[in-house]
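A.B. asks: Structure provided below as structure tokens; questions to follow.
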Amino acid sequence: MKAAVFVKEGVLDLREVEVPVITESDQILLKVLAVSICGTDVHITNVPAGYPAQPGTILGHEIVAEVAGKGKSVSHLEIGDRVVLNPNDYCGVCSYCRKNKPNLCTDIKPLGIDYDGGFAEYCVVSSKIAYRISKDVPVESAACAEPLACAVNGLKKVNILPGESAVIIGCGPIGLMIAMLAKASGISNLYLLETVEYRIDFAKKLNLGRVIDVTKENPGEILQRECGIGPDYVFDVTGSQMVPAVDFVRKGGSVVLFGVNKAVSNTIKQSEITTKEISVLGTWLANATFPEAVKILESNTIDIGSLVTDVLPLDEIHNGLKKLAQGKSIKVIVKP
């Protein structure tokens with residue numbers, strides 16, 4: 001089969017490899033239907049690399065697939081079932097797993113990073129990370145289940161009520177998903193901050209809230225003028241904007257830090273958090289939120305499909321990675 005194999009920094013090679021086989025009784029063989037390119041895939045293939053991956057690994061972890069084979073101990077799935085995957089295989093026995101925090105597992109194994117993923121015709125995974133999804137959900141939307149589950153986990157850190165206000169810093173896929181979820185939760189005033197022209201124009205067309213071009217407008221002045229005491233919630237989806245997030249949020253409000261940028265080290269006045277009684281919350285991956293993400297997709301609660309800008313064959317994966325790196329796409333779907 002053809003697969004996109006990470007060779008070394010900056011090199012993703014399309015090559016012929018053997019079809020994987022089931023070696024454990026709890027595994028399933030999947031026929032890959034669609035894979036969404038994640039920002040992590042872009043970081044892995046950048047020069048210098050912004051995220052580590054094992055050389056020789058087939059990338060791709062935001063997967064929707066069909067069960068093509070199963071081990072003898074798999075009872076909750078049948079051949080032909082359509083599934084989406086939690087790509088972070090947790091051990092189940094470490095201290096964090098036993099605290100019901102599998103997203104913080106000390107022995108977590110990320111699919112498409114530490115072992116072969118979905119930029120191929122077939123892949124083999126543990127059945128415990130697979131969740132059945134209706135075949136009525138378009139595969140392009142189903143391929144977004146993993147980032148949606150992460151967005152749900154972030155939103156669950158706060159309790160949004162009708163009439164409240166929120167700011168989302170960053171209009172990439174996750175930021176827009178959080179905006180969609182917040183709007184569906186009854187948020188009244190929603191502000192989306194962005195610097196990239198393509199994303200600004202794209203976000204405006206979604207009509208989720210007021211989109212602020214940070215390169216041309218002063219978001220602090222706008223929020224103070226329109227929110228009075230300030231927004232109730234601020235979500236930083238860039239991994240670098242904690243300082244303005246703390247500045248924007250009202251006293252007693254909440255800041256949720258979603259994005260990861262290990263190259264950024266912010267200096268913040270701790271007294272601002274103390275005297276404003278702000279809650280600053282981190283959120284990492286998905287934690288028991290895949291069933292909710294599947295329900296959202298099956299009920300069409302939000303229009304995830306509107307975020308898909310490109311659908312490409314595997315042969316054109318490099319074009320998809322390039323467009324994302326240049327900020328000229330939102331969700332790129334690959335169909336192996």
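We did not get these values from a lab; they are worked out from the coordinates using the rules stated. These figures come from a predicted structure and were not determined experimentally. Neighbour counts run over all protein chains shown; Cβ positions are idealised from the backbone, glycine included.
A.B. asks: Given the chain, what percent of its DSSP beta bridges are antiparallel, to the nearest 5? Before the final figure, lay out each step's value.
C.D. replies: Values: 32 of 59 bridges.
The antiparallel fraction comes to roughly 55 percent.
A.B. asks: Taking every pair of alpha-carbon atoms in segment 4-120, give the share separated by more than 20 Å as a whole percent.
C.D. replies: Details: 3262 of 6786 pairs.
Beyond 20 Å sits 48 percent of the P(r) for segment 4-120.
A.B. asks: Where does segment 158-282 land on Rg(C-alpha)/(2.2 N^0.38 Å)?
C.D. replies: For segment 158-282, the normalised Cα radius of gyration comes out at 0.98.
A.B. asks: A follow-up question, please. When C38, C94, C105 are ordered from fewest to most other Cβ atoms inside 10 Å of their Cβ, what list results?
C.D. replies: The order, fewest Cβ neighbours first, is C94, C105, C38.
A.B. asks: Let me ask another. Run through every distinct alpha carbon pair of segment 233-336 and return the Kirkwood hydrodynamic radius in angstroms, one decimal place.
C.D. replies: Its Kirkwood hydrodynamic radius stands at 16.7 Å.
A.B. asks: For segment 195-266, what is the charge dipole size about the Cα centre, in debye to the nearest 20, if Lys and Arg each add +1 at the Cβ and Asp and Glu each add -1 at the Cβ? Show your work: numbers first, answer last.
C.D. replies: On the way: 9 positive and 9 negative charges, 24 e Å.
For this selection, approximately 120 debye.
A.B. asks: Using the 10 angstrom Cβ neighbour count as an exposure proxy, how do F6, F119 rank, fewest first? Don't jump to the answer; show the numbers that get you there.
C.D. replies: Details: F6 25, F119 28.
With the sparsest Cβ surroundings first, the list reads F6, F119.
A.B. asks: Right, something else. What value, in deg cm²/dmol to 500, does the helix sum -39500 (n - 2.57) over DSSP H runs of n ≥ 4 give at 222 nm once divided by the residues of the chain?
C.D. replies: Estimated from H runs of four or more residues: -7500 deg cm²/dmol.
A.B. asks: Separate question: Sort S299, S36 by Cβ crowding within 10 Å, fewest neighbours at the top.
C.D. replies: Ascending number of Cβ neighbours within 10 Å: S299, S36.
A.B. asks: Hey, could you grab the Kirkwood Rh for the chain? Inverse mean 1/r over distinct alpha carbon pairs, Å, one decimal. Walk me through the intermediate numbers first.
C.D. replies: On the way: mean 1/r = 0.0485 Å⁻¹.
Radius from the Kirkwood sum: 20.6 Å.
A.B. asks: Whole Å is fine, so just give me how far the alpha carbon centre of segment 150-166 lies from that of segment 257-282.
C.D. replies: The two parts, judged by their Cα centres, are 18 Å apart.
A.B. asks: Find the Cα radius of gyration of segment 127-227, compare it with 2.2 N^0.38 Å by division, and give the number to two decimals.
C.D. replies: Dividing the Cα Rg of segment 127-227 by 2.2 N^0.38 Å gives 1.21.
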